[in-house]
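The values are calculated or read from the model by the stated rules, or taken from the named source; none is laboratory data. Because the structure is predicted, anything quoted here is derived from the model rather than measured. Here the Cβ positions follow ideal geometry from the backbone for every residue, glycine too, while neighbour counts run over all protein chains shown. The protein model used for the area step is the full one, side chains on, heavy atoms only, and it has no ligands, DNA or RNA in it. Shrake-Rupley method; radii C 1.70, N 1.55, O 1.52, S 1.80 Å.
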Amino acid sequence: MCLVGFHRYIVDTLTSGPLAETKERQKDEFDPPSEVRALIEGQFMSMRGHAERCGLPVPPKRIIATGGASSNQAILKTLASVFGCPVYTVQRPDSASLGAALRAAHGWLCKKQGEFVPISRVYSGGSDRTSLSMKLAVPFGGCEGDDELLNKYTLLVEKRLEIEQKLVERFGRVK
């Protein structure tokens, strides 16, 4: 077995108690619907966990989803639930490349200013009349159960990072 590959886990108990009381066990495979759900949730929890380590506030103010999956309401709802914030989409089909261009422009602006600049300054001044216009795709916080779901995902993110660390310790770093 190696670090790269498929590592599936089931969390047996999920309580708001100490993380150490949350037990996981490895599983060889999931049924197809569970596999898809685990893949999507796992990717979003990984993104959240690593973004938190880099200083992303939780919950963030919003997430802007781009690319093909941004038209899938179920994926967007999962994204909103994992991060605990509303999800917006950009009103154009090739928005992933547009998002990459915005990130590049933001990096350039920060370097030019010699300090961090809020990304909103990249597109300030009339973005609602351009291809940068966004619409609220999935709200968060207004439905019963949103906060409880966010708390569960928060525990799962911590557990996922713990499992990831155990795998790194067990198999070493990927070179």
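Scanning segment 136-175 for residues that are exposed (fewer than 13 other Cβ atoms within 10 Å of the Cβ) and among the acidic types (Asp, Glu) turns up 144, 147, 148, 169. Take the conditions (1) modelled with pLDDT under 90; (2) polar (S, T, N, Q); (3) exposed (fewer than 15 other Cβ atoms within 10 Å of the Cβ); (4) more than 22 Å from residue 136 (Cβ to Cβ); residue 22 misses just one of them, which is (3).
Mind checking which residues of segment 59-77 are of a type outside the set (A, V, I, L, M, F, W, C), in contact (Cβ under 8 Å) with a residue 40 or more places away in the chain and out of contact with any Cys (no Cβ under 9 Å at 6 or more places or on another chain)?
The answer is 70, 73, 77.
Picking from residues in segment 93-109 that are at pLDDT 70 or above and open to solvent by 70 Å² or more (accessible area, probe 1.4 Å), the one that is farthest from the chain's Cα centre (by Cα) is 108. Looking across 41, 35, one residue alone is part of a helix (DSSP H, G or I), without any contact (Cβ under 8 Å) to a residue 40 or more places away in the chain and open to solvent by less than 80 Å² (accessible area, probe 1.4 Å). It is 35.
Count of segment 52-73 residues, restricted to those that are surrounded by 15 or more Cβ atoms within 10 Å (Cβ to Cβ) and not in a loop (DSSP other than H, G, I, E, B), is 5.
How many residues, within segment 123-144, are touching a Leu at 6+ places or on another chain (Cβ under 6 Å) and either at pLDDT below 80 or more than 17 Å from residue 62 (Cα to Cα) (or both)?
To start, the set of residues in segment 123-144 that are touching a Leu at 6+ places or on another chain (Cβ under 6 Å) comprises 123, 137-138.
With the extra rule that they be either at pLDDT below 80 or more than 17 Å from residue 62 (Cα to Cα) (or both), the set shrinks to 123.
Summing the residues that are touching a Leu at 6+ places or on another chain (Cβ under 6 Å) and either at pLDDT below 80 or more than 17 Å from residue 62 (Cα to Cα) (or both) in segment 123-144 gives 1.
The set of residues in segment 110-122 being at pLDDT 90 or above and surrounded by 16 or more Cβ atoms within 10 Å (Cβ to Cβ) consists of 110 alone.
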